[in-house]
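Since every read-out is calculated from the coordinates, none of them should be taken as a lab result. These numbers come from a predicted model, not from an experiment. Cβ atoms come from the backbone with ideal geometry, glycine included; neighbour counts cover every protein chain shown.
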Amino acid sequence: MKQRYPKVAGYTLVQQVGGGGFSTVYRAVNFDSHEVAAVKLVRLTSETTEKERKTLDKEMRIHAALKHENILEFKTAIIVEPNQPKSIYPAGIYMLLELAAGGDLFDKILPDVGLKEDISHVYFSQLIAGLRYIHMEGICHRDLKPENLLLDAGGTLKISDFGLCAVYKIKETGRTRMLSERCGSLPYLAPELCKEAPYEAEPVDVWGSGVILYTMLAGNTPWDEPTRRSYEYAHYLTGECFDREPWCRFSRDLLSLLTGMLAIDPSQRVSLAEVSQQPWVMRPSQIARRGAAALADHLTESLRQTGDLQIATPDVVRNVDADGDQIMGNASYISQFTQSLMFFSQTQSGTRYTPHLTRFYARLQPHLMLPLIEEALTAQGVKWKPAQEVVFEEPGGGEVQALRMRIGGHDRRRLMFKGWVELEPFEVRGRSGTYCIMARDQGNPISWRMLWKNVIEYPAVEPQVYRNKD
């Protein structure tokens, strides 16, 4: 029997787009207004503790109060309690959120290459604008990392996921408090969180945004963790790193900004207000004035140069019409930005919005392609569960049959990643085979892109992948 879900403020859940375990993200459509949003479903069970409920309540209360163009909007939420009599819906908290139609920012960044300074400047400036607002409201994010930075349909950066945030300041009086909880991901963690003493809130987010800026520019984090156990961090402490790539290619103004944000002593670290006054940040941006299509082109420049973007949308499925009439509720995420990113894929059932650039088309049918992908994943040390046959509805009606496989593992920074591999048949202009989407829902998007690249270049898979002029 097909699972049913409640409407959330008039929005119908139409397709799972991410998540696993205790939370799942769905694309949701208001069929009356033709608007699209996201619904994050956090499962509740009879074992959900009072502390866990309070943490979720705090996250929603804080997120709902934050209104800024660089923060993913929290619209509303409904709750279906566990053991609710006669309920036909899964128990959980259904959070209605703004749809990040532009996908992950870091999904567009080439591993170990990164972005050029001009486009990094655009998104770093938006990150700092959002963080300054959050701090002004007395909130510390505490979990800044690539997977929490999303893009809307116009290519604007959106800070998301306030599950680890903390109130550290009374907005009316400006009075602050020290924090003590240890949380966050090791590569982005400020060094003071590795000690037992209480810590100041704002410098933690300054450090995290400094690591993010480096990661944008280099296509990798600067270190595994901020301790001497990481040789890269040890070389940063001694200054040895500055004679090596990528540090040695950074401009003087950029290097001054990075080392100011990544000062080991939090009392010596620059504030966000000081960051905004740094010469590298204050310089005018030419890209920001040129529109969404130019923004997308600059963002994906390295992916086009390597051919990765062409693999996601090869000639065999190119020149697909994406007017907005083919998919119900698509209008709000069709834009110059999303079309330039080639987010509209040709599938068996027509044109579909797919905000994952980690995808490819293959010559073999799904049941023949699946064992080759399993072999490629095993060779990378990735664990996978046997694929299941699934049927999901298209937003414009109709059903799609696919094979769906759960995968997971650890990247080279020892961070866990999880996601799905979906394989469905396609036939376009006389060509047929498998349309394969690798959709990440946990972990670093750059690491996920590296996994995608390793899969499509695996000897058994590579000959089957459609490329330009095939």
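Some points to look at:
- Within the chain, helix-based [θ] at 222 nm, where runs of 4 or more DSSP H residues each add -39,500 (n - 2.57), nearest 500: -8000 deg cm²/dmol
- By the rule of a C-alpha distance below 17 Å, with chain neighbours fewer than 8 residues away ignored, the aspartates and glutamates paired with K385 are E374, E375, E422, D441.
- Annotation: for a label point projected 7 angstrom from Cα along Cα→Cβ of L255, residues of segment 267-284 with backbone N closer than 15 Å are 280.
- Here's the picture: a label point sits 7 Å out from the Cα of K116 along the beta-carbon direction, and within segment 220-260 the residues with their amide nitrogen under 20 Å of it are 220, 246-255.
- Potential lengthening between Q268 and C248 on full extension [0.36 nm per residue; Cα-Cα distance subtracted]: 4.9 nm
- Computed about the Cα centre, the dipole magnitude for segment 103-289 is approximately 380 debye when only Lys and Arg (+1) and Asp and Glu (-1) carry charge, each at its Cβ.
- Check: segment 1-155 dipole with +1 on Lys, Arg Cβ and -1 on Asp, Glu Cβ, in debye: 600
- Candidate lysines for bridging to K75, where Cα separation is under 18 Å - those fewer than 8 sequence places away on the same chain excluded: K7, K40, K58, K67, K158
- The chain: DSSP helices with Cα axial extent of at least 20 Å and average Kyte-Doolittle hydropathy no lower than -1.0: 117-136, 202-218
- Cβ charges +1 (Lys, Arg) and -1 (Asp, Glu), total dipole of the chain, debye: 440
- Taking amide H atoms as placed 1.01 Å from N in the peptide plane, the amide H of A77 lies under 5 Å from those of L96, each 5 or more residues away in sequence or on another chain.
- Fewest-first ordering of E47, E192, E375 by other beta carbons within 10 Å of each residue's beta carbon gives E47, E375, E192.
- Computed from the Cβ-Cβ distance with R0 of 22 Å, the FRET efficiency linking E81 to T55 stands at 0.80.
- Simple label model, 7 Å out from Cα along Cβ direction - D315 to E240, nm: 4.9
- By other beta-carbon atoms within 10 Å, ranking M60, M438 with the fewest at the front produces M60, M438.
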